[in-house]
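Have a look at the structure below, then the notes.
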Amino acid sequence: MIRATKNRNHAMVSLAVASLLLSGCAAAAGSTGRAETASAPPPPSSPAATHSGDPHAQTQSSAPQSPGPSEALKMICGKETKDDISSILALKQAPHTVDEWTDSTYTCTYHLAEGPLVISVKESPDPAPARKYFDALQDKLEAAPIKGLANLGFPAAQTPGGAVIFLKDSSTLYVNATGLPAAVGPQKVAPTDFAYQVATTILACWKEHH
């Protein structure tokens, strides 16, 4: 069991390195200022809002709605992330996405052939409530902490079923691949490993543009 855990951590570190190399942030917007509105947000009853099983809705605060997601947050549904996911999965064209901005959470649902991939970011007012939100989400997901080099220096956690969360400053990144099969993409990786790789590519983009 200890050997299996060590092998998994080694694999996740390797995935992180690969993700950083894959990151296509050069085409992303350099500004991290506010956008007036999110692009084409679906109504709350849409599949993007209900199919994911995202527990964000149960852990949202009653803080006033901000004007819209920052440019950094919108990267989760931007060309650079679509290109990275297309590269990881060897897709011939970028997947269709639907995005939504509600209760200071930006959500992007990728409609993949194998199932939905849901990426969301909760934007908190400052790091203290962000950490409180991250901890509550980790408890709700019953996610185990990601330790050692694999967490890239951030608070992070994962579930065996395919969910990964990272906390960076005031933003909680949640990648939900639980709707995908047990073997994802041409490399036949587990959903959790795929979610982790996607999360680290996004973190690389944020680091480059902050």
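The values are calculated or read from the model by the stated rules, or taken from the named source; none is laboratory data. Keep in mind that this is a model prediction, so the values were computed, not measured. Backbone-built Cβ (ideal geometry, glycine too); neighbour counts: all protein chains shown. What goes into the accessible areas is simple: the full protein's heavy atoms, side chains included, and nothing from ligands, DNA or RNA. Shrake-Rupley method; radii C 1.70, N 1.55, O 1.52, S 1.80 Å.
Restriction of the trypsin sites (Lys or Arg not before Pro) in the stretch 116-161 to DSSP coil positions whose beta-carbon has at most 14 other beta-carbons within 10 angstrom yields 147. Amide H contacts for residue 146 (H built 1.01 Å from N in the peptide plane; partners 5 or more residues away or on another chain; cut-off under 5 Å): 156, 157, 158. Rounded to the nearest 20, the size of the Cβ-charge dipole of the stretch 112-201 about its Cα centre is 80 debye, with Lys and Arg at +1 and Asp and Glu at -1. The 3J(HN,Hα) values that the Karplus relation (6.51, -1.76, 1.60; θ = phi - 60°) gives for the stretch 149-156 are, in residue order, 5, 5, 8, 6, x, 10, x, 8 Hz. Gly and Pro appear as x. Of 194, 154, the residue with the largest accessible area leads and the full order is 154, 194 (1.4 Å probe).
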